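Step one of this worksheet: look at the structure below.
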Amino acid sequence: MNKWLAEFIGTLFLMLTITTAVLSKAALAPLAIGAVLMVMVYAGGHVSGAHFNPAVTLAVFLRHRIAAADAGAYVVAQVVGAAVGGLIGRWVVNPEDVTAVSFSGRQLGAALMVEVLFTFALAYVVLNVATSSDHQMNSFYGLAIGFTVLAGAVAVGGISGGAFNPAVAVAGSMAGLFSWSSLWVFLLSQSVGGALAAFAFLALNPHDRGVLPTEPDATRGVDTPGSGVRNPA
């Protein structure tokens, strides 16, 4: 239960930051989004692994570091947190007029492409800095994850909206930032990106294949059972 609550809280504050920053047209919105993801990863990493993203949870599941039941519960917690954060963000800002992002023609293909690529980049970074046996004692995992989202938001935010996260797509749709008719674009591309990241990680790190951890070892900072990301304690 504590893992799911950590996923809910982290996802809620991530989505609240995204929706309020974008709806209020904050000049430093990408920086705020990358920063809040970074701090929430540090805050919740030792509890749940700090996924806050169904695509990341999918990648961790395919990488064999989280059980199917936990993965499903994580996704539910993330989507509920996203919905709550999106609704609060819309209510707090209360913009007069919002143009929902939708895709057609060449823009549709471009959005699919960049969402696949940057979701891949995000999940790939998470797997390598937070689940790899070669980085068991690092302290940079939150920075790496936050800066990946920051870079993606700056680079391709104007093309696809820079979601890289199905929960962001849900929150953005509820806040009026994304058209509901375009939700499938995000869900498809981000699922593909997360899955490809898992396969790439396993191909590049064959020594990290294995079964789920069964017992945590706080003295070495190894994996928390079922979390999919090592315990940084």
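The values are calculated or read from the model by the stated rules, or taken from the named source; none is laboratory data. Computed from a predicted model, the values in this text were never measured in an experiment. Here the Cβ is made from the backbone with ideal geometry for all residues, glycine too, and neighbour counts use every protein chain on show. Just the protein is used for accessible areas: all its heavy atoms, side chains included, with ligands, DNA and RNA removed. Shrake-Rupley method; radii C 1.70, N 1.55, O 1.52, S 1.80 Å.
Descriptive notes on the structure:
- For PRO213: the one exception among (1) in a helix (DSSP H, G or I); (2) at pLDDT below 95: (1)
- THR99 fulfils the conditions (1) touching an Asp or Glu at 6+ places or on another chain (Cβ under 8 Å); (2) without any contact (Cβ under 8 Å) to a residue 40 or more places away in the chain except for a single criterion, (1).
- Residues in segment 41-61 that are part of a loop (DSSP other than H, G, I, E, B) and within 22 Å of PHE186 (Cα to Cα): ALA50, HIS51, PHE52, ASN53.
- Residue match in segment 218-233 (condition: within 16 Å of the chain's Cα centre (by Cα), modelled with pLDDT under 95 and not hydroxyl-bearing (Ser, Thr, Tyr)): yes
- Scanning segment 136-168 for residues that are in contact with a strand residue (DSSP E or B) (Cβ under 8 Å, 6 or more places away or on another chain) and open to solvent by 30 Å² or more (accessible area, probe 1.4 Å), we see that the one that is nearest to ASN94 (Cα to Cα) is GLY161.
- Among (1) outside any helix (DSSP H, G or I); (2) within 17 Å of VAL75 (Cα to Cα), the one test that SER189 misses: (1)
- The set of residues in segment 4-44 being at pLDDT below 95 and either buried (at least 24 other Cβ atoms within 10 Å of the Cβ) or on the phi > 0 side of the Ramachandran plot (or both) consists of LYS25 alone.
- Residue match in segment 78-85 (condition: over 17 Å from PHE8 (Cβ atoms), surrounded by 18 or more Cβ atoms within 10 Å (Cβ to Cβ) and modelled with pLDDT of 95 or more): no
- Subset of segment 45-77 [crowded, with 22+ Cβ neighbours inside 10 Å and β-branched (Val, Ile, Thr)]: VAL56, THR57, VAL60, ILE66
- Candidate set from segment 169-186 (those that are open to solvent by less than 10 Å² (accessible area, probe 1.4 Å) and in a helix (DSSP H, G or I)); member that is farthest from GLY89 (Cα to Cα): VAL185
- In segment 76-96, the residues that are without any contact (Cβ under 8 Å) to a residue 60 or more places away in the chain and in contact with a Leu (Cβ under 9 Å, 6 or more places away or on another chain): ASN94
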